[in-house]
Amino acid sequence: MMRAKNLLGKAVVTFTGACAFVAVAAVVWIMGTIVWGGHRSITWAFLTQAPSNGMTEGGIFPAIVGTFMLVLIMSLVGVPVGTITAVYLSEYVDRQSKVAQIIRFAVNTLAGIPAIVFGLFGLGFFVNFTGKGMDHLFSPTGTLHWAQPNILWASLTLALLTLPVVIVSVEEAIKTVPRDLREASLALGVTKWQTIWRVVLPNSMGGILTGAILAVSRGAGEVAPILFTGAAYFLPHLPKSVSDQFMELGYHLYIMTTQSTDVEKTLPIQYATTLVLLMLTFALNFSAIFMRYRLRKRRVFA
Amino acid sequence: MNTMETAAPYAKLHTKGLNLYYGQKHALKGIDLDMKAYKVTALIGPSGCGKSTFLRSLNRMNDLIENVRIEGSVFVDNVDVYNKKVDEVQLRKKVGMIFQKSNPFPKSIYDNVAYGPRIHGLRDKAKMDELVERSLRQAALWDEVKDELKKSAFALSGGQQQRLCIARALAVEPEVLLMDEPASALDPIATAKIEELIWELKSTYTIVIVTHNMQQAARVSDYTAFFYMGKVVEFDFTERIFTQPKEKQTEDYVTGRFG
Amino acid sequence: MPSDSKSIDPGSDAAVPVPAESPAGSLPGGRPVSVLTPKPSEPNMSANISESASGKVPDAESPANPRPGSGNRRVLTMGKPLRLGELAIEKSIQGVAFVSLLFITLIFIFIFKEAIPLFGSGINKAESHATVEASETYGEDAAAPSKPEAPELAQKASHFTPAELGGKTWQPVSLDPKFGLLPLFLGSLKVTLIALLIAGPMGIFAALYTSNFAPMWAREGMKPVIEILAGFPSVVIGFFALVIMASVLQNLFGFEYRLNAFVGGVAMALAVVPIIYTVSEDALAAVPKVMTEASLALGATKWETALFVILPSATPGIFAALILGFGRAFGETMIVLMATGNAALFTPHIFEPVRTLSATIGAEMAEVVFGDIHYRVLFFVGALLFIISFGLNATAEFFVRTRLMKRFKGA
C-alpha cells in the first residue's frame, strides 16, 4: 500500500516535471534552430545593406530602421498616455470607484482584443477616417496624402495595442512607492500633483521604463496590426516623414517566407532576419525582467 | 514651568464634537480638546484608542484614507479646517507632521530639507542654504551632518533620520507640529535627543505628540489627554494626570494596570 | 491677508486691531517671525472652555489672553486658492485616462460601422438589392477614390444576402463570390482546440510542477524560460512552424499536406503555453498556505496535497487560464497565416489545410476594394473576433474575480 502510494507520487512528480521540461525544451529547440540557422548570415553587410535582386540577396537595413522608427513613434505616444492613465488610476480615483472600474475594464478589454482587429481598426479609423479627414482639411484638391497606410498610423495602432502593457507596468511600480513618502510630502503642504511629480513618479521611474521596454518588445514583434496600416514589401529608400510607408522586420520575415520568389534561396536570410528579431525582443525582455526584479526587491526591503 | 506661565495660553488648536468613522467603525467619539499655543500636549492611551487617528485629523491627513467620514470641527486659530472653503494644502503647510516611522525621501540630506521650501517657491540658493542650515540646527542635526549634506538620507541612523524629518517639517515654517509617536522606533539615546528637541521646539511651535510611553509624556508635555475607546477620558495638566487623576480609568492606565 | 480670515466664533470681533509688526518678532527659537494677525481674545470661547467637559483644561491662569507675541504668523485663508495649474493638470490626467475607454468605444464603432451595411437588407429579402446598393453608395461616399469599380460592385451586391454568411464555401474572389464563414469558423476552432489540447495540460501540469514539486534550481530556471516563450514574436513561431516543425511533424505522422490544421495547432500551442502556465501558476500560488499546511498536517503527502487540495482549489483560476488561452489562440493571426496552409476547406480532418477567421483578414484585407462586400465581410469577421475575445475575457475575469476570490475569502 505504502509502496504503491510512493510509486504513484513519483509518477505524478515525473509527469508534471516532464510537462515543464517539454515546455522548456520547446524554447531551447526554437532558439537553437534559429541561432544555428542564422548566425552565419549575420554580417555587418547584412545589417547595413538594403535587400537587393528582388529581395533574394542583400541585407535588412531598411527593415531595422523601419522597426526602430515604428517603435519610437509608438513609445512617444503610448508611454505618456499609459503612464498618465496609471497615475490617474492609482492616485486620483478610489480603486473601488465606478470610474476606476470602468477604465480598468476598458484596459483589460483592450489587452484582450486580437492584434488583427487592431489592424482593422487602424485601417478603418486612422487611415480611412482620420487620414481622410486630414486630407479634406489640408489639401482640398483631393490628393491622397494622409488617407494612406503610413508609419504614423501603424505606430498609433501599435501604441493602442501596447497601452495596457504600459499601464499595468507603471501601476505596479507606483504601488511600490511607500505610502509614507506620499504622506511626508503632503504633510509639508505640498499639493497632490506636486507630490506625484516630485515623489511618486521619480520613484516609479523603473516601472515606467520597464513598461516602455515591454511595450517596445511587444510592438516590435507584432505584425498583424501593421499588415494594412503602413508596412511595405519593399521600398527603395528609408521613410523620410511620418506619412511614408516603411519596412519592418517581422513583416519582412513574413513576406520572405510566404511570398518570396525563391524561398529556398532566401532561407539563410530568413533565418538571419528571425535571429535579429528574436535577439532584439530578447534584449528588451531581459532588461525589462531585470528591472522588474530590482523593483520587486525594493518593495521587499524598503 | 517657564517664564511664559503668567500669560494665559490660548488654544491654537481646538476640536469640537469631532467624530470620525472608518466605514462602519466609530473611531473618534465626540472629541472636544484644546491644544494650547507654545505648549506640548501629549495624547496617551492604549493602542487602537484613536489617538493617532485624532492627530491625523488635525491636519486632515485622514482625507487621504478611503472610507473615512468626519463630523464636527477642528479649529486652527479659530478657523474650522473642515470648512469646505479651507485649503488642506495650506493647512498642512501651517500644521506640520512627524510620523512614527521616519520617512525621508530617497534624496540627499540637503534635498530632503529643501524639498518643501523649493516646491513652495524658494529659488534663491543662498536663502535656501540658510534655511536648510537653520532647520537642521533647530532639529539639532546640523553638527552631525554639516559636512555631508549631499549624502543620501538613508545613510543616517534611525534617530538622525527622524530628526531629519523634523528638520524637513520645520523648513516649511509651520506653526504647529504634530508628532505621531516620533520616538517609538528609536533607541533610548536617540529618544532622549528627540525629547530634548521637543522641549526646545515648544518655545516656537505648538506641539501635539502621540506617545505610547508614559514616562515620555510626563517628561515632555505640559498637558496630557488620555484617550480610551475613541473618547477623551481625561484632559489636564500633565502633572495632575500622572499624580492625581480624577478618573479611575486614567489612574489604571498611568499606573500601568492596563494598556 | 487678515481681511480674508474669517473667524468662526460668533464672539470674535472683526474690528480687532492689527499690529503692524509682532512685538515679539524674535521668539526664543531665534526665528524671525513674519507678520502677525492677532488672535482675538474671546470671552465666549473661554466661557465654553470652563463649562465644557473633559476636553478642556481647568485653567488657573488668566483667561485666554494671547500670549505676548503670539498670534498667527500665517493665517489660514478661507477660500481655496485657485490653483489653476493643479486643476488643469488634474483635468488633463483625467482626460487622458479615458483614452482607453474612448478607443474601446471607437474600435467597437469603427469595426461594426464597416460591417453593418451588410445587414441593411437582412429584414426584407425583396428589398435586399436596393438596400445593398444604397449601402454601397454610402461606402463609396466615404471612399471617394474608388469610382471605377462601381458597376462590378453593383453586380456583386445583387447576389449578396446576409444569409450567405452561414454558407459552407468561402470564395470571395471569383465571378460568383461566396462568403460562407463556416469553413473559416471551423478552421479557427480546429486550430484552437488542437492548441488547447496540447497547451492546456502542459501548461497546467508545468505550473503544478514548478509551484509544488520542483527543486529550487529547477523552478528558478524553468519559470523564466517558459515566460520567455511569451515574448516570442508570433512571426517567429510562425516561421519556425513553417520551416522546421511542419517537416518534423510530417515525418512523424506522415500526413499528406505539409501545412495543415495540426501543424498550426501545435505551433499555436507554443504561443498559448506561457499564458496558461503563468495564469495557472498565479492561481496555484494564491491558494492559502493554511490549506496546504492543514493537508500536510493530516499526514497527506506533498503530491496528494498538490493534486487533491491545491489543484482543486485553484480550478477557477485554471479555468480562466484556459479561457484566456482559447481567446489568444482564436484571435492569433501570424502563426496560422504562416503554418496552416490557408485553404478554406470545410472538413473535419485535422491533417488538412485550414483557413482561420483571423488569417482570412490578414491575407485578404490588403487586396480588397474599399467599401465593397468583401471588405465589409472581412470587417464583419473582425467584429466576430472582437465579440468573441470580449466575451472570453469577461468570462475569464468573472471566474478569477468572483469564484476564485470568493473561495479563498470564505464567502
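Laboratory data are not the source of any read-out in this text; all were calculated from the coordinates shown. The model shown is predicted, which means the values in this text are computed figures rather than measured ones. Here the Cβ positions follow ideal geometry from the backbone for every residue, glycine too, while neighbour counts run over all protein chains shown.
Overview of values
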read-out	value
Residue of A:ALA187, A:ALA283, A:ALA154 that the Gaussian network model of chain A assigns the largest fluctuation, springs spanning Cα pairs under 10 Å	A:ALA187
Cα centroid separation, segment A:218-247 to segment C:180-253 (Å)	29
Part-to-part distance (alpha-carbon centres) for segment B:116-181 and segment B:214-244, which is given in Å	30
Cα convex hull of chain B - mean projected area over all directions, nm²	14.4
Net charge dipole size for segment C:182-410 [Lys, Arg +1 and Asp, Glu -1 on Cβ; Debye, nearest 20]	620
Dipole of segment A:39-301, positive end: most advanced residue of A:SER169, A:LEU214, A:LEU238 [Cβ charges, Cα centre]	A:SER169
Cα pair distances in segment A:169-250, grouped into 10 Å bins until the bin that holds the longest one, percent each	16, 29, 18, 18, 15, 4, 0
Computed log₁₀ I(q)/I(0) - Debye formula, equal Cα scatterers, no solvent, segment C:182-410, q 0.08, 0.11, 0.12 Å⁻¹	-0.35, -0.62, -0.72
Estimated dipole of segment A:39-301 in Debye, rounded to 20 [Cβ of Lys and Arg +1, of Asp and Glu -1, Cα centre]	1080
Candidates per trypsin sites (Lys or Arg not before Pro) in segment A:1-77, loop by DSSP, up to 16 other Cβ within 10 Å	A:ARG40
Space enclosed by the convex hull of the alpha-carbon atoms of segment C:279-411, per residue, Å³	142
Interatomic Cα distance distribution for chain A, bins of 20 angstrom, percent	27, 48, 23, 2, 0
Along each principal axis, Cα extent of segment B:123-199, largest first, Å	38, 29, 17
Signed unit charges on C-beta, dipole axis of segment A:1-108, positive-most listed residue A:VAL65, A:ALA11, A:THR33	A:ALA11
Hz values of 3J(HN,Hα) by residue in segment C:260-268 - Karplus curve (6.51, -1.76, 1.60), Gly and Pro given as x	7, 4, 5, 4, x, x, 5, 4, 5
Surface/4 of the Cα convex hull for segment B:219-259, nm²	2.8
Selection of GluC sites (Glu not before Pro), segment B:138-233, meeting DSSP coil and at most 16 other Cβ within 10 Å	B:GLU148
Over chain A, relative contact order from alpha-carbon pairs under 8 Å, at least 6 apart, %	26
Contact order normalised by residue count of chain B, Cα under 8 Å, 6+ apart, percent	26
Calculated log₁₀ intensity ratio I(q)/I(0) where the Debye formula runs over C-alpha points of segment A:195-302, q = 0.15, 0.18, 0.24 Å⁻¹	-0.78, -0.95, -1.27
Angstrom value of the Kirkwood radius, inverse mean 1/r, which spans all Cα pairs in segment B:110-249	16.4
Largest-first principal axis extents of the Cα set of segment B:21-126 (Å)	48, 31, 30
Segment A:114-272: equivalent-ellipsoid semi-axes (sqrt of 5 x gyration tensor eigenvalues, Cα, Å)	40, 23, 12
Cα-Cα separations in segment C:268-331 greater than 17 Å, expressed as whole percent	45
